[in-house]
Amino acid sequence: GRIPSSFPLTQTVKRSVVLHNQRLTAVFLCRRVTMRGASTGIVYGGLKYQARSIADVKADTDHTSFLAGTLSLKEENEVHLIRLSPPGSELVCEGLFYHPNEIWDLKSCPFNPRIFSTVYTSGETYGASVWQIPELNSQSNAPQLEHLISLNEHSFKIKCVLWWPSGKHDKLISIDEGNLFLWSIDTSNKMAKVISQESVGMLHNLSGGAWDPHDRNAVAGICDSSLEFWDLRTMKKTSSIEQAHARDVDYNPKKQHLLVTAEDVSGIRLWDLRRPKCPVKELPGHAHWTWAVRHNPEYDELILSAGTDSTVNLWLAHPPGANDSIPVDSPKRPKDSLLNSYTDYEDSVYGLAWSTREPSVFASLSYDGRVVVESVKSYIRRK
Amino acid sequence: MLWIRILLRDSKDLHTDSCPHVQKLNLEGLLQKHVEMAAEIKNLDTDLQIMKNNIVGMEANMEQLLAKITSVQSKSDLVNTSLFEKREHIEKLHRTRNLLRKVQFIYDLPTRLAKCIKAEAYADAVRFFIGSKPIFEAYGDSSFQDCKRASEEAIDLVIKNLEAKIYSDSEPIEARAEAVVLLKQLNFPVVDDLNSILIADNFVASCQVDSLKTKLLEKLEDYLMTLQDEHKETGASALDTLETRVIWEDVTLMDEVLAEAALPAFSLEAARSIIRQFISTSFSHLLLEVSEALTKSQPMPKKGSEESSLQNALEGSKKVVIQGSLDLLLEFRQLLDDNLELLAKLRDLIVDWVQEGFQGFFQKLDERFLALCGKGYIANPDSSVIDAIQVDKVQTGLVLVLAQLSVFIEQIAIPRIMEEIAASFSGGGARGYEHGPAFVPGEICRIFRSAGERFLLLYINMKTQKISILLKKRFTTPNWIKHKEPREVHMFVDLLLQELEAVGIEVRQILPQGLVRRHRHSDSTGSTNSSRSNATREDKLTRTNTQRVRSQFLESHLAKLFEQKMEIFTKVQYTQESVISTIIKFCLKSLQEFVRLQTFNRSGFQQIQLDIEFLKNPLKEFVDDDAAIDFLLKEVIGAAHERCLDPIPLEAPILDKLISTKISKSREESQRYNKLTKPKELFVCSERRL
C-alpha cells in the first residue's frame, strides 16, 4: 500500500523496502541539511545507488519537479520523480519506477511532463529509449514505465539524447560515439524513424551535445578536442571551436550565438559563435574537472557548474555586450564573479538542472545518489 | 596792332559810355577831342615804330650768339675725340695692373701662407688657398708650377696643424670645431673620426642655433619696426595720448614676454616631449629585453643542457628586470642631476613620468607574460588580432619560469624599485593630488601576486592535461569488458612516471624546496583527523597485504559515511613538493573519474588493481603526502570495484610477483637505456609501444 507522506523512513526501512522488491510509490525522508552549518540545501536521500542524471520536468507547469535516474551495475536501477513541496521546504518522491539498465543520460520531454528519454548500458549492450510515466492516480501497486520508443539504430555506444529545448517539436537527436541521428518521433503511435544521420568518422569521438534553442536546425556536438556545429537540414558541419576539451555545453537561453562550455582543465569558457577563435570569457571553474554547466533559464548571466571536486559553483558572468557602455575600469561595471560555492557533497557532482518553473531553484546530483535542491533567490535579488 | 585795337575799343567804350554826354557836348567840344585823340594816336604810332626797330636789332644779336655756340661745340667735340684714345689706353693699363696684382698674390702665396702659419691664422690661410685654387687649377701645370707646389706644401702644413688641433684635448672646443670646419672646407677626409664628427656636428648645430637665433631676432626686429611705423602714423594723424600709451604698454609687455616666456616656453615644450619620449622608449625597450630574455633561453628539446636551461631563463630574466629597472632609474636620475635650468623646471613632470612609466611598464609586462602563455586574449579581449602563440605550443617550462618571475617581481623587484623611487623620484605631483602618486606598488604587487598564482595553476593544468590525455587513451582504447587476465603491469604507468619525472626536472630548476614535513595536513582545511586515521589504517593494510581487499572496500565505505571528504584540493605553494603533489593528486583523481566511466570484467578490474598497486611506491617517492596518495589510489581501486561486474581481486602472491617482475624489468631497462640513450628517447619508444 501507500505510505503516508508524513511517515519518517530511516535508511534501514528504505533498504528493506527495496530488498523485499515491493514496487511502491514511496515517500522518502527529507531533511534540511545542518551538518555543515552554512548549507541551506534540501536533500533528497531517496536514490540508493550511484547516479549521474537529473533533469528538470519542464512541461510540468503545476509543480517544480525533477527526474533522476540511478547508475548501478548490479542492482535494479530506478527513476525517481521528485517534487518540491509547495512551501519549498521538502523534496517529495512522487513516483519511483524501475528501469531495466543503468542510466547514463536522462532528459525530460519539454512538452509532455510524463515523457522522458534515457540512455543506458548493460554490460556490453547499450540503448536509448523514450518512456512514459504511467498515470500516478491509478490504483496499481506497481506502476511500470511505459516503453514508447526505442532509438535502436546505433552501432556505437550512445552518449545522449537531445530534445529541442524550446517547445513542441516532433524531432529528436541522439548522439553516439561516432554518429549524429535526427529522428522523427510520434509518441502517441510509438513510432520513430531516422530522418538523417551524420558520421563524424573514426578519428573523432562524440561525447555529448546541445540543441540550439534559438534555431531548431542547429546542433552542437562535443568531440575529443573541439566543439562541432551542424546544420540539421543538410547534416553538414557549419563551424567549429577548436582547442576545447569540453565535457558539457549549454546554449544561452536568451541570446543567440552565445554558449558556455565546461572543460576538464580550462574550467568554464563562454563563447560567441560569430567569433569562435577565442573565448569571450573564462571562469576558473573547479579545482578538478568541471563536469556540467548550465545557464539559468531566466537570468542568463547566472551560470551554474558542477565539478568532480564535489562542489557546485554559482557564477555571475555577464554576456558580452551587456555592459559595453560602461568603461572597463569603472567601479560601476559589474564584475564577473563566483557568487557561491555549494560544498555540501560527498562525491563528484555530475547532475545539474535548473527549474524552468522556478528559475531561482536548481537541483544537483552527486555520484553517491544525493539530490540537493538549492535556492539562489538571494543572489537574484542582490543584482 | 594789338594796341591799336585796344585803343579802338577804349574809344568805342568811351563813345558808348559817354552817350548821354554826346547830346550835352557841343560840336566844338567834339572837334577839340578829335584833335587831341589824333595827336595821341600819332604819339602811339611813333612809339610802336620805335619798338619794332628795337626788336629787329635783338634778332640779329641772337643769331650771332647761336653761331658762336655752335662753334664752341664743334671745338669741344674735337677735343673729346682727341682724348678718347688716351683714355682707352689708361683703362687697359689699369686692368693689366690688377692682373699683375693677382699674379703677385699667387707668387706671394707661399710666403703669405707661411706667415699665416706662423701667426696660426689658419682661417686666413685656408681662405687664401681656396681663393687661389681656380688659378692653380687653370695654370698650375704651366706658369705657376713652382708656386703651386710651394703653396700646397704650406697648406699641407696647415692641414697637419689643424689635425693636431682637433686631437689635442687642451684646445678649447670651439677651436677644435673650427679646425674641423676648416678641414672640411679643404675637402680633407675627417669623416672617419667619430670625435671630430661629433665636434663638427656640435659646431654645425650651434651654427644652426645661431642662425636660427639671428633669424628669429631679425623677424622680431622687423615686427617691432612695423609696429613703430604704425605708431608713428597714428601719432601723426591723431595725437591721442591714450592710444600711444596703450601701444607703449604693449611694447613693454612684449619686452617682458620676449625675455621670459616666448623662447623658453618653446624650448621647454620641445624638451618636455623629448624627455617624455625618451622615458617611454626606455621602458618599451626594457619590456622587449625582458621578453627576449625569457624566450631566447627557452629550453630547446633534445639538447643536453636542458637540465639548467630553465634556471638560466629565470635567472636571466630576473636580472634583466631588476638591473634594467635600476639602470633606467640611474639614467633618469642623471637627467635630474644634470642641473640644466630647463630640466629643473620639468623636474616634477619627470618624476611623474618615471613613476607612470614604471606603472605602465609592469602592467604591460603582465600582459606580455599572458601573451607568452597564449592567453593574450584575456588581457586584450577586443583585439581582433589574436596572438600567434597557441596554447598548445607554449612550453610548460616557460609558464613555470613566469610564475616564479612574477613572485620575484612582487617580492624583490617592486620593493627595490619602490625604494629607489622614494629616494630620488619622490614628489612629483604635477598630476594633482586627487590622482595620487603615479606609481602604485601595492597595485603592481597585487597584479603579480595573482599572476604568479595563475601561472603556477596554469603550469599544473597544462601538465595535468598532458597526463590526462595519456590516461584517457589508456581507458578508452581497450574493451574492458573483454579484458584478458593481467600478465604484467601496463605500459601507461611508465609513461605516467616519466611525465612526473619531467615535471620534477622542471620544478627542481625553478622552485625552492619546501620544508620537508611528512603528513603536511595542517595545510588542508578541516580534514586533519580523517587523513591521519586514513594513514594509519592504510599502513596496517599494506602490512597485512591485499588478502583483505574486500573488507577494505567495506571499511572505506563505512569510513566514508563517518568521515568528511578528504581535502585533496589544497592551495598550491611555490615549492617543488607542493607542485608535484598537486599534479599527482589531480592525476589520481582523473584516473578515478576515467575508471568510473568504464565497465570492467574481473580481469579488467584486476589489471587496474595491479597497476595501481605498482604505482603506490614510485608515487610516494615524488611526494611527502603519503596519506593523500594512499587515499586517492584506494579511491581508484574502489571506483574500479564499483564498476566491475565480478570484482574478485588478484591473489596477493600473484600481485607481488607481477609487481616485482615489473620492478626488476624496469630497473634493467633503465640501466640499458642509461648506457645507450638519453631518457627522452625512452619516452618516444614507449609511446610508440602504446
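The values are calculated or read from the model by the stated rules, or taken from the named source; none is laboratory data. Since the structure is predicted, the reported quantities are computational estimates derived from the model, not experimental observations. Reconstructed Cβ throughout: ideal geometry from the backbone, glycine too, with neighbour counts over all protein chains shown. Accessible surface is based on the protein model in full, side chains and every heavy atom, while ligands, DNA and RNA are left aside. Shrake-Rupley method; radii C 1.70, N 1.55, O 1.52, S 1.80 Å.
In this structure, is B:K634 within 30 Å of A:G123 (Cβ to Cβ) and either modelled with pLDDT under 90 or buried (at least 18 other Cβ atoms within 10 Å of the Cβ) (or both)?
Yes, satisfied.
Which one is nearest to B:L500 (Cα to Cα), of the residues in region B:600-624 that are in contact with an Asp or Glu (Cβ under 8 Å, 6 or more places away or on another chain) and not in a helix (DSSP H, G or I)?
Result: B:V623.
I'm checking my understanding of the structure. Among residues of region B:395-418 that are β-branched (V, I, T) and surrounded by 18 or more Cβ atoms within 10 Å (Cβ to Cβ), which one is modelled with the lowest pLDDT?
Only one residue tops the list, namely B:T396.
Is region B:80-95 home to any residue that is within 30 Å of B:L182 (Cβ to Cβ) and of a type in the set (G, A, S)?
Residues of region B:80-95 that are within 30 Å of B:L182 (Cβ to Cβ), as a first pass: none.
Scanning region B:80-95, I find no residue that is within 30 Å of B:L182 (Cβ to Cβ) and of a type in the set (G, A, S), so the answer is no.
Restricting to region A:73-89, count the residues that are over 19 Å from A:Q144 (Cβ atoms) and over 18 Å from the mean Cα position of the chain (by Cα).
Residues that pass the stated criteria total 7.
Return the residues of region A:238-265 that are more than 22 Å from B:L457 (Cβ to Cβ) and within 14 Å of chain B (Cβ to nearest Cβ); say none if nothing qualifies.
Selection gives A:I241, A:E242.
Please work out if B:R149 is open to solvent by 100 Å² or more (accessible area, probe 1.4 Å) and modelled with pLDDT of 85 or more.
No; evaluated as a whole, the condition is false for this residue.
Regarding region A:196-207, can at least one residue be identified that is within 19 Å of the chain's Cα centre (by Cα) and within 14 Å of chain B (Cβ to nearest Cβ)?
So far as region A:196-207 goes, yes, one or more of its residues are within 19 Å of the chain's Cα centre (by Cα) and within 14 Å of chain B (Cβ to nearest Cβ).
If you check A:S184 against the conditions, is it open to solvent by less than 10 Å² (accessible area, probe 1.4 Å), modelled with pLDDT of 90 or more and not hydrophobic (A, V, I, L, M, F, W, C)? So that I can check it myself, show each step before the final result.
Numbers: open to solvent by less than 10 Å² (accessible area, probe 1.4 Å): no; modelled with pLDDT of 90 or more: yes; not hydrophobic (A, V, I, L, M, F, W, C): yes.
Taking the combined requirement at face value, the residue does not satisfy it.
Please state which of the following conditions B:K589 fails to meet, knowing it meets all the rest: (1) open to solvent by 10 Å² or more (accessible area, probe 1.4 Å); (2) within 19 Å of B:K466 (Cα to Cα); (3) in contact with an Asp or Glu (Cβ under 6 Å, 6 or more places away or on another chain).
Unmet condition: (3).
Would you point out the residue of region A:213-226, among those that are free of Cβ contacts under 8 Å to residues at least 40 places away in the same chain and under 21 Å from A:H295 (Cβ atoms), that is nearest to the other protein chains (Cβ to nearest Cβ)?
Only one residue fits best here, namely A:I222.
I'm checking my understanding of the structure. Among residues of region A:266-282 that are touching a Phe, Trp or Tyr at 6+ places or on another chain (Cβ under 8 Å), modelled with pLDDT under 90 and open to solvent by less than 30 Å² (accessible area, probe 1.4 Å), which one is nearest to the other protein chains (Cβ to nearest Cβ)?
Applying the filter and picking the extreme gives A:C278.
With respect to B:K482, is the statement that it is over 30 Å from B:L650 (Cα atoms), at pLDDT 85 or above and open to solvent by 80 Å² or more (accessible area, probe 1.4 Å) true?
So B:K482 does not fit the description; no.
Quick one: in region B:424-447, of everything that is among the aliphatic types (A, V, I, L, M) and at pLDDT below 80, which residue is least open to solvent (accessible area, probe 1.4 Å)?
Applying the filter and picking the extreme gives B:A438.
Kindly evaluate A:G69 against the criterion of being crowded, with 17+ Cβ neighbours inside 10 Å, modelled with pLDDT under 85 and under 24 Å from the mean Cα position of the chain (by Cα).
In short, no.
Please note which strands (runs of 3 or more DSSP E) are completely contained in region A:82-137 and include at least 3 residues that are at pLDDT below 90.
Here the list reads A:91-99.
Does region B:457-472 contain any residue that is away from chain A (no Cβ under 14 Å) and open to solvent by less than 30 Å² (accessible area, probe 1.4 Å)?
no
Just checking, how many residues over region A:336-383 are of a type in the set (D, E), within 18 Å of the chain's Cα centre (by Cα) and either within 14 Å of chain B (Cβ to nearest Cβ) or in a helix (DSSP H, G or I) (or both)?
2
State yes or no: is B:D624 under 25 Å from B:I583 (Cβ atoms), open to solvent by less than 30 Å² (accessible area, probe 1.4 Å) and modelled with pLDDT under 85? Steps first, please.
Values: under 25 Å from B:I583 (Cβ atoms): yes; open to solvent by less than 30 Å² (accessible area, probe 1.4 Å): yes; modelled with pLDDT under 85: yes.
For B:D624, the condition - under 25 Å from B:I583 (Cβ atoms), open to solvent by less than 30 Å² (accessible area, probe 1.4 Å) and modelled with pLDDT under 85 - is met.
Take the conditions open to solvent by less than 10 Å² (accessible area, probe 1.4 Å) and in contact (Cβ under 8 Å) with a residue 40 or more places away in the chain and apply them to A:I173. Does it pass?
yes
Pairs under 6 Å by beta carbon, first residue assigned to a strand (DSSP E or B) in region A:53-67, partner open to solvent by 20 Å² or more (accessible area, probe 1.4 Å), six or more apart or different chains?
These pairs meet every condition: A:A55/A:K107; A:D56/A:T356; A:T64/A:R357; A:T64/A:E358; A:S65/A:R83; A:F66/A:D56.
Which one is surrounded by the fewest Cβ atoms within 10 Å (Cβ to Cβ), of the residues in region B:345-384 that are farther than 30 Å from A:I268 by Cβ and modelled with pLDDT under 75?
Ranking the candidates gives B:K345 first.
Do we have A:R247 as within 17 Å of A:I173 (Cα to Cα), open to solvent by 50 Å² or more (accessible area, probe 1.4 Å) and in contact (Cβ under 8 Å) with a residue 12 or more places away in the chain here?
no
Would you point out the residue of region A:283-309, among those that are within 11 Å of another protein chain (Cβ to nearest Cβ) and in contact with a His (Cβ under 9 Å, 6 or more places away or on another chain), that is most open to solvent (accessible area, probe 1.4 Å)?
Checked region A:283-309; the qualifying residue most open to solvent (accessible area, probe 1.4 Å) is A:D309.
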